[in-house]
Amino acid sequence: MVKKRTWSTIYLLCVFAVLYLPIFYLMFYSFNKAGNMTHFTGFTFDWYKEVFSDKRLIVIVIDTVIVALLSSVLSTVLGVFGALAIYLTKRRQYKNMLLSLNNILMVSPDVIIGASFLILFTLIGIKLGFISVLLAHIAFSVPIVVLMVLPKLQEMSPTLIDAARDLGAKRLDVLLKVVIPFITPGIFAGFFMALTYSLDDFAVTFFVTGNGFSTLSVEIYSRARQGISMSINALSTLIFLITLAIVLVYYFSSRGMGKVKHLPGGEDA
Amino acid sequence: MWQGRCHSRYSAGDPMTEKTIIQFDHVAKRFDGETILRDINFEIERGKFYTLLGPSGCGKTTILRLIAGFLEPSEGTITFDGQLVNKIPPNKRQVNTVFQDYALFPHLNVFENVAFGLRINKLANKEIEPRVKEALHFVNLDGYQNREIADLSGGQKQRVAIARAIVNRPQVLLLDEPLSALDLKLRTAMQVELRQLQRRLGITFIFVTHDQEEALAMSDEIFVLNQGKIEQSGSPRSIYDEPINRFVADFIGESNIIPGTMLRDRVVSFAGKTFDCVDQGFDEMESVEIVIRPEDLELKPQGEGMLQVRVESQLFRGVHYEMIGKDADGNSWMIHSTKSAQIGEAIGLFFEPEAIHVMRHGETEEDFDRRLESYEGADHD
């Protein structure tokens, strides 16, 4: 029994080693004085300094974050309404059709989505840049939000809505006071998923950035092609840490969601 | 305090003094061409405890949802307090519902669940608090304000659901099989509590159940439903003692239903013998069905009593023995008695003429009432 346990632990460690070693390898050399990834000659923060002194890069980071936040907020709003629409569709056929249309967007390759957006934007005359990237990010984030919110809706007993109506709630009250609070964990999950997808999307963004506007992943790609600089390692390390922070925030906020805060009026000894 | 406020509310408006609060007039309901309810007519009076009783799929919950406003009738009219309410949405009706699965809001605590309706109606905080406490006191949940819904037992959730409904002081409280998820002991206790609550509040309760014992124990009036129509309505006693047809007799309590022939008024023949009974108003030699309740059959030694049967099975039921006996004609008789008889034993059965209830084939409730009235009138002459 003990032996079995050990083997499974070793296996697990191997899996995680394969997953995380490349990242740690990259992070490790971001502190390398030699400026390459073969010989570690000494510890330095030079590459990080280089990242922070690079004005263009700072602008790109800010742009990336703005696009990520805006697109995830907007796609969360759209996605919640989309999920509600699918949930409230009575006919089973239509429901399944809508859900399939949603899922197709999830599984179709980014390259195809990116290329089709490029064609669409040039066709209808949207200038490639901030707006085109934002629209593309919203478009691929909405299905993610729908997919995160829908299970929460299905988990909700339909009599909850009846009960709220019965107690005098208008349709808007039902939505704001019963449905939205119930699906809040799903909304948060959808928001954070959309945020991370937007932050690290490369393929779709690559097609629709155009001149003058860029996001981090596209920038890193183009810099890596020009020649290896350890500042890319430093930048990647920073992105990884930020992503990690988001995951941790999500983890703790979703854990805290189970506990409902006490509302005014309920206090009593 | 509660009582006082309720009464002041009743005397406030003129239509309030009217006895009838809800009226169904030729109401029918269809879903996708399938008829769920057909030609439902009834009146609900203020301050009474009503039960809609029937097997699953009989339409009882549909009636409740029509009253609550979740559904619109396909035909006919529903009036509430003399006003047509066919198209009035649930949030504008003076009724509240206790749902089968309680439907408590999981993101709110007990206090906020109960306060939900009051907050929606924009009551001031200082008014909400005493009313919520009062409602919780009514359902014996003092001090539970800050509990989370997930931490409550089934019975406690049930009480919160009731408190959440009555805090709005509805004129009618609808209860959709609220006790079906509770265990037997708790269910019996809650039956008593609900009945007391109804008396204290003085409002109309409409209770939906498929449990005939529950219906008999709690109601002022029972509507027995089957396949989308009301088979019989009346007090528990009258429905139990005088079921109008085989369905009602079978559904309410145990019964022996035996084919027979009405020879003339107050004389009926069945199981190859002739008996005195109290029923009249039938045609001579009309073929009828006889109902005798198992507890009305008394065990006698062989040769005595009105009927001779041979015991085929015997079960001990706790309060009584349940035996099945077969007579010479092949009719089965279920007997409930504190005395027991052995399997294979020949015994006599005794019953009073009043224990025999005669049912006419295919008689509707109106025909039944008419026949009853006609010979009750004759008795008085």
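Each value in this text was obtained by applying a stated rule to the coordinates, not by laboratory testing. Just so you know, these numbers come straight off a predicted model, no measurement behind them. Neighbour counts run over all protein chains shown; Cβ positions are idealised from the backbone, glycine included.
Restricting the range B:115-134 to residues that are under 29 Å from B:E18 (Cβ atoms) and surrounded by 17 or more Cβ atoms within 10 Å (Cβ to Cβ), the residue that is farthest from the other protein chains (Cβ to nearest Cβ) is B:R131. Under the condition of being among the aliphatic types (A, V, I, L, M) and more than 10 Å from chain A (Cβ to nearest Cβ), the residues counted in the range B:83-98 number 3.
Among (1) among the hydrophobic types (A, V, I, L, M, F, W, C); (2) within 22 Å of B:E231 (Cα to Cα); (3) surrounded by fewer than 19 Cβ atoms within 10 Å (Cβ to Cβ), there is one condition B:I252 misses while meeting the rest; what is its number? That leaves (3) as the condition not met.
If I ask for residues that are assigned to a helix (DSSP H, G or I) and in contact with a strand residue (DSSP E or B) (Cβ under 7 Å, 6 or more places away or on another chain), which ones from the range B:150-193 would you list?
Within the range B:150-193, B:A161, B:I162, B:A165, B:I166 qualify.
Given the condition of a type in the set (A, V, I, L, M), crowded, with 19+ Cβ neighbours inside 10 Å and either within 28 Å of B:L52 (Cα to Cα) or touching a Ser or Thr at 6+ places or on another chain (Cβ under 9 Å) (or both), answer yes or no: does some residue in the range B:324-337 qualify? No; the residues of the range B:324-337 include none that is of a type in the set (A, V, I, L, M), crowded, with 19+ Cβ neighbours inside 10 Å and either within 28 Å of B:L52 (Cα to Cα) or touching a Ser or Thr at 6+ places or on another chain (Cβ under 9 Å) (or both). Within the range B:301-312, the set of residues being surrounded by 12 or more Cβ atoms within 10 Å (Cβ to Cβ) and more than 19 Å from B:P259 (Cβ to Cβ) comprises B:Q302, B:E304, B:G305, B:R310, B:V311, B:E312. Taking the conditions (1) on the phi > 0 side of the Ramachandran plot; (2) free of Cβ contacts under 8 Å to residues at least 24 places away in the same chain; (3) facing chain A (nearest Cβ under 8 Å) in turn, B:E112 satisfies each one other than (1). As a summary of the residue check, B:H137 satisfies the conditions (1) closer than 19 Å to B:I206 by Cβ; (2) more than 10 Å from chain A (Cβ to nearest Cβ); (3) not aliphatic (A, V, I, L, M) except for the one numbered (1).
Condition first: in a loop (DSSP other than H, G, I, E, B) and touching a helix residue (DSSP H, G or I) at 6+ places or on another chain (Cβ under 6 Å). Now tell me which residues in the range B:83-99 satisfy that. Walk me through it before giving the result.
Going through the range B:83-99, the residues in a loop (DSSP other than H, G, I, E, B) turn out to be B:85-89, B:93-94, B:99.
Scanning the range B:83-99 gives a single hit, B:F99.
What residue, among those in the range A:149-174 that are in contact (Cβ under 8 Å) with a residue 60 or more places away in the chain and surrounded by 20 or more Cβ atoms within 10 Å (Cβ to Cβ), is nearest to the other protein chains (Cβ to nearest Cβ)?
Of the residues in the range A:149-174, the ones in contact (Cβ under 8 Å) with a residue 60 or more places away in the chain are A:149-150, A:153-154.
After this cut, where a residue has to be surrounded by 20 or more Cβ atoms within 10 Å (Cβ to Cβ) as well, the list is A:149-150.
Details: A:V149: 15, A:L150: 18 Å.
Out of the qualifying residues, it is A:V149.
For the structure I just gave you, tell me whether B:R147 is buried (at least 22 other Cβ atoms within 10 Å of the Cβ), charged (D, E, K, R), out of contact with any Gly (no Cβ under 6 Å at 6 or more places or on another chain) and within 12 Å of chain A (Cβ to nearest Cβ). Walk me through how you get there before you give the answer.
Values: buried (at least 22 other Cβ atoms within 10 Å of the Cβ): no; charged (D, E, K, R): yes; out of contact with any Gly (no Cβ under 6 Å at 6 or more places or on another chain): yes; within 12 Å of chain A (Cβ to nearest Cβ): yes.
Spelling it out, it is not the case that B:R147 is buried (at least 22 other Cβ atoms within 10 Å of the Cβ), charged (D, E, K, R), out of contact with any Gly (no Cβ under 6 Å at 6 or more places or on another chain) and within 12 Å of chain A (Cβ to nearest Cβ).
When restricted to residues that are of a type in the set (K, R) and over 24 Å from the mean Cα position of the chain (by Cα), the range B:64-92 contains 2.
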